[in-house]
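Read the figures in this text as sums done on the coordinates, not as results from a lab. Small disclaimer: the values here were computed from a predicted structure and weren't measured.
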Amino acid sequence: MDSERQNHLNSAEERYLDIHEAAEILEISEDDLWELVRKHEIPAHNIAGAFLRFKKDTVEDIKNKWRIERELFPEAKRPQAHQSHLTSVSSAERIKDFWYFNDFYVVCSALVVVLLYFIISSQ
């Protein structure tokens, strides 16, 4: 009976990974793995309400999925934090954007001013 129980516990241990083992398989940091769990991007299981575990099959499937995505959709090189990828905006472009987003309000304000002028001047 003891050997059956021990075999069952060993098979359960082989099927579930702790956060360190899962992060090692996925080749990411434990903090990144915690963040993915928090965002519900990786399924995790709480055991006894205290221990976070991951199914080994699920972790391996996710690793394969990420590998396939990297190979099929390679990302462009991301700019470094100290590199600015924004260009300076000229005054003409700022005025053009302002007019594009606020033309209705500018026209309505001008119309109100003209109507007020006629109302005040007619009295």
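Which whole-angstrom value gives the distance between the alpha carbon centres of the stretch 12-50 and the stretch 56-76?
16 Å
Stretched out fully, how many nm does the piece from R38 to E75 gain, at 0.36 nm a residue minus the Cα gap?
10.9 nm
What does the extension gain come out to for V106 and I28, with contour length at 0.36 nm per residue minus their alpha carbon separation?
22.9 nm
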